[in-house]
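Remarks on the structure that follows.
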Amino acid sequence: MSEYKTDIDIAREVTGEHINDIGAKLNIDQADLVPFGHDKAKISWSAIDAVQKNKNGKLILVTAVTPTPAGEGKTTTSVGLTDGLNKIGKQTTVCLREPSLGPCFGTVSYTHLTLPTTPYV
C-alpha cells in the first residue's frame, strides 16, 4: 500500500461548492450564470461583453507536448498555478477543456481522448 492517497481517493474526499458561490467569488452576478446542474455553468454573453474594456485582466495559456514521467502535465500545471496565484491574493480561475482521465482510471495514455461536450451557445 502506498503512503500517498490516490487521485480518486482525494477526489472522493472533496465537497464541491455550488456554482453560484463560485460565481460570487469571481464577481459574476447570479443572473449572468447559465447553470448546468449545481457545479457548472456557462457565463452569459452580456457579462462577457461588460468586462471587455477592463485592462487589468491577464490570460495564461499552458501548453505542452508530453507529460513528465510522473504524469504531471498541463492539467497539473494549470491547477497548481491557479492555486498558487489564489494563495497570494490574486483573483484567478482555471478552465480545463479536456482534463486527463488517466489518473482516475489508473492508466496512462499518450493518445488524445475526445470526450463528448455540450455545445457552446
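Residue-wise test of (1) more than 19 Å from the chain's Cα centre (by Cα); (2) within 21 Å of R97 (Cα to Cα).
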position	(1), (2)
Y4	yes, no
T15	no, no
G23	no, yes
Q30	yes, no
H38	no, yes
N54	yes, no
G57	no, yes
T63	no, yes
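Among the conditions (1) modelled with pLDDT of 85 or more; (2) surrounded by 11 or more Cβ atoms within 10 Å (Cβ to Cβ); (3) closer than 28 Å to E72 by Cα, the only one that Y4 does not satisfy is (2). Of all the listed residues (E17, E72), the sole one being acidic (D, E), surrounded by 10 or more Cβ atoms within 10 Å (Cβ to Cβ), at negative phi and modelled with pLDDT under 75 is E72.
The values are calculated or read from the model by the stated rules, or taken from the named source; none is laboratory data. Because the structure is predicted, anything quoted here is derived from the model rather than measured. Positions of Cβ are generated from backbone atoms using ideal geometry, with glycine treated the same way; all protein chains shown enter the neighbour counts.
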